[in-house]
């Protein structure tokens, strides 16, 4: 078998990049005499792109496994079969009717390779550390390169690099580009890449990284880091596979005559017998040692599964010592005769693999310790340091595939991603809280409240309820201060309203004080209303000045016609207006006119009566304002009492003290109901309904708890009753579906057991 005459090692990585779904797929099969490697890149933006790539790779390998050959015809057959398979899938499912994929197929007889390509998947043939062969893309940008309209070095960034001329899934006839036979040499590397890989690392970088890291695993890791570390904002799905040729099978000999064939067979048999005779005596010993070494390795893997890395590495060291015992040291003719070099290489390879496992175990130990340290730091709210620990663990897990499934590394990594995101969000949230505190200290309550509300859910969603409680307290404190400020501003505004007619200048100053408070609260509407009132005073003062001047003229005219009563009335009105305007000079100048009128008119009682009446009306208005203020204070007190009861109910609920929580919520609801019935409270926010849901939620938990106790005591009928009450209460609340489903599950079990007959003891 030619496979045993060669050493082909395949290593690869496949990442989704910054995309949600990985539309790349890679697979290979090494048969006894032939091998096939297939890579596909599903066309992004099309439904079923990932299915197209996977199905293409699997169907190509399936056909080749059934019809293994090494010629161009089989490559044509592979592309046709794959394309027909994709088209059939498109016809079967309308949602996948547009799915397409690029496809690269490589076949080998372990001495040479042939490859075929459709789309923009690529092949690089590295020989002597340099790329000596490269496939061409089926894209518009590649066509421009061929027509010398585009430099090949610019193809990676050209906007039409993904505009394919043909792809697997086309209904028109496809024409894959098929290479000539390529002779392989020991040390060669055949690289298969998707666009997301080759557009983020150029050919020279591949060669440079190979020179820096001759070990294939380290080289592949360096390529992966280069691709993922690209400066591109969006990194496409990227897959990079390398076929490392450590040994090439001899060329397939042309058919000879039967005579020569018999001679070759005879000589081969003789040589084989000699080799077997020399190796037979060692087989028992090597087999025994190998079994022991394998048992050590298996023991190590079991220790690794339970994260006992010290014991695992100790077992691996013991396995290495056993393999060293069977490592051949023969040289010269005896070494050649016993195939010592090849056997030594195989033993060294096994030792290297075990040494790699030791290294990987140490990495895993470090990673899990970083996870544990990160969790401890997270619990004490040291989010910055915990994030560093999580990132270190994530990097180690992502850079290794050793015992990945056994240790549920993928699940651990997903958990780390969530924790890393949580730490970042919490750090940002704490910074926002600091900003909010500064705004609060400076009296900017509106902006401070917006900052606090913006981070409240972040703390809740990331399991930091203590921070959330602090934020809620700060928001309540802001609300209390805002309410007090509003009440104070309203009182100031009311005072100005009363003075606006009799003392407009004083009213203006008082209005300005109220306006400053509203501006501090960020209430532009109320601030604008105050400004309108000030402007109204200003406008009224202009009108009043003109009116006063008209009254003076009317008063003088009345004096001329001896209408003293009208004259005094006019002068009094003018004086009143000037006094209201604070115009002392004009007010005093009218006194002479009034004195003249008063000497001619003795009806002063009438003026005094009118003034007394105005004072009485003002006193009534003051009393009405005081009564309204008292009513508002009483309403605020009751609402505060209800809010406090609701908060206490929330605290009891968080402590699972459901009965106490129900009492608190019910007392709060009673207050809101009384206020609503009295007409003092408008429940526009559906506060009463909200508290009812909380009560139902608590009753649901309480009934569920009582049902659990009855179930535990095997009082199944009573448990059924309690679970039914719990289900009914939860259905009236706003609990999540998972809680309702939990109770329904318990109810079904309880009903089943409650209906169990005495002879059905096995159902327990």
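Values in this text are rule-based calculations from the coordinates and carry no lab data. Since the model is a prediction, treat every value here as computed from it, not as a measurement. Quick reminder, even Gly has a Cβ in these numbers, built from the backbone with ideal geometry, and neighbours come from all protein chains shown.
Figures for the structure shown
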quantity: Principal-axis tilt of helix 72-92 within the chain, Cα atoms, nearest 10 degrees; calculated: 30 degrees
quantity: Rounded tilt (10° steps) of 687-712 against the dominant C-alpha axis of the chain; calculated: 50 degrees
quantity: The chain: mean projected area of Cα convex hull, nm²; calculated: 60.7 nm²
quantity: Shape of segment 356-441, Cα gyration tensor, a/c cut at 1.5; calculated: prolate
quantity: Largest to smallest principal axis extent of the C-alpha atoms in segment 697-764, angstrom; calculated: 42, 18, 14
quantity: Extension reserve of the residue 545-residue 215 stretch, reckoned as 0.36 nm per residue once the Cα distance is removed; calculated: 108.9 nm
quantity: Packing-based ranking, highest mean first, of 517-527, 383-393 given that Cβ atoms within 10 Å are counted; calculated: 383-393, 517-527
quantity: Residue 686-residue 636 FRET efficiency (beta carbon distance; Förster radius 35 Å; 0.05 resolution); calculated: 0.95
quantity: 19 Å cut-off, amide nitrogen to a point 7 angstrom out along residue 177 Cα→Cβ, residues in segment 20-52; calculated: 37-43
quantity: Spacing of the two label points (7 Å from each Cα toward its C-beta) at residue 131 and residue 366, in nm; calculated: 3.2 nm
quantity: Descending Cα extents along the principal axes, segment 629-764, whole Å; calculated: 75, 23, 22
quantity: Inter-label distance for residue 93 and residue 739, nm, one decimal - labels placed 7 Å from Cα along Cα-to-Cβ; calculated: 3.8 nm
quantity: Extension gain (nm, one decimal) between residue 754 and residue 345, 0.36 nm per residue minus Cα-Cα; calculated: 140.2 nm
quantity: Label-point separation in nm, residue 280 to residue 247, each point 7 Å along Cα→Cβ; calculated: 2.4 nm
quantity: Neighbour-count ranking [beta-carbon atoms within 10 angstrom, fewest first] of 410, 246; calculated: 410, 246
quantity: Sites residue 498 and residue 524 - FRET efficiency at Förster radius 35 Å, r taken between beta-carbons, to 0.05; calculated: 0.90
quantity: Estimated FRET transfer efficiency (residue 418, residue 627; beta-carbon r; R0 56 Å; 0.05); calculated: 0.45
quantity: Computed [θ] at 222 nm, helices only, for the chain once each DSSP H run of length n ≥ 4 contributes -39500 (n - 2.57); calculated: -23000 deg cm²/dmol
quantity: Angle in degrees between helix 504-521 and the longest Cα principal axis of the chain, rounded to the nearest 10; calculated: 10 degrees
quantity: Residues 37, 198, sorted so that the one with the fewest Cβ neighbours within 10 Å comes first; calculated: 198, 37
